[in-house]
Amino acid sequence: MGKVRCDSRLVRPGDTFVAVPGVKADGINFVPAAIAAGAGEIVAEVVRPESGVPDSILWRTVPNARVELASLACNEFGNPSHKLDIFGITGTNGKTSTTMLLRDILEYNAFKPGFISTNSIEIKPRALKKFNPTEAVDAKVEENTVTSGNTTPGPLNLQYYFSEMLRNSCKTAVMEVSSHALDQNRTWGTRFAVKAFTNLTQDHLDYHCSMAEYYQVKK
């Protein structure tokens with residue numbers, strides 16, 4: 001059975017390719033590359049074109065490709081967030097320091113927390129093995145720490161990290177949840193035991209159109 005992909009460069013025969021409308025590029029433009037790489041299924045927000053898609057390929061039209069990607073990611077890794085107590089921290093400022101304090105408190109009390117933040121991704125008590133990222137995220141692995149480019153990973157990497165936390169006997173996870181991640185449904189399907197909100201100040205208006213929209217995303 002194939003895997004779920006949202007990067008056509010990582011598609012292998014039998015994989016499901018989700019054509020996500022991105023901020024900089026639209027995944028629908030990479031459907032031909034995914035088909036050429038052997039994708040067995042295409043998931044997109046547009047209907048199947050009349051030509052160019054072999055009959056052997058399944059095409060599913062969905063209302064929101066980002067939500068579908070997150071849902072498929074949860075299923076692929078066995079819904080790991082349902083087996084961890086996850087603490088999600090959002091807010092304009094204070095996310096990193098709050099997550100670090102909470103991680104240390106949980107660690108001191110032997111709750112074996114996983115950790116996802118702007119600075120790093122940590123999985124204890126054993127080291128996270130080097131892996132081929134499912135979304136072509138530039139990740140550097142050193143001992144039990146991964147350094148990646150986003151405050152909140154994309155859904156495929158996020159659910160992968162949760163599954164690795166379980167495999168490494170973590171009981172809890174502490175993570176930063178950015179407004180970009182919320183707006184892009186990266187955490188859709190993730191079950192949080194605790195959700196915390198630090199504050200809302202004027203920032204990220206290059207992405208959010210207004211403070212009102214920024215507030216609604218955080219809410």
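From the alpha carbon centroid of region 54-76 to that of region 29-43 is 12 Å. Local charge for Ala37 was computed over the other residues whose Cβ lies under 14 Å away, with Lys and Arg +1 and Asp and Glu -1, and equals +1. Rounded to 0.05, the FRET efficiency of the Asn119 and Lys3 pair, given R0 = 25 Å and the Cβ-Cβ distance, is 0.30. So for region 1-88: antiparallel DSSP bridges make up what percent, rounded to the nearest 5? Counting only bridges with both partners in region 1-88, antiparallel ones make up about 10 percent.
With all protein chains present and a 1.4 Å probe, how do His180, His82 order by accessible area, largest first?
These residues rank, largest area first, as His82, His180.
Using only the Cα atoms, work out Rg/Rh for region 1-80, with Rh taken as the Kirkwood radius, to two decimals.
0.94
Give me the net charge for the shell around Phe162: Cβ to Cβ below 12 angstrom, other residues only, Lys and Arg +1, Asp and Glu -1.
0
Solvent-accessible area assigned to carbon and sulfur over region 1-67 amounts to 56 percent, based on a 1.4 Å probe. For the listed peptides 34-44, 154-164, a ranking on the average number of other beta carbons within 10 Å per residue, highest first, reads 154-164, 34-44.
The values are calculated or read from the model by the stated rules, or taken from the named source; none is laboratory data. A quick note: this is a predicted structure, and the numbers were derived from the prediction, not measured. Reconstructed Cβ throughout: ideal geometry from the backbone, glycine too, with neighbour counts over all protein chains shown. Just so you know, the surface numbers come from the protein's heavy atoms only, side chains and all, with ligands and any DNA or RNA stripped out. Shrake-Rupley method; radii C 1.70, N 1.55, O 1.52, S 1.80 Å.
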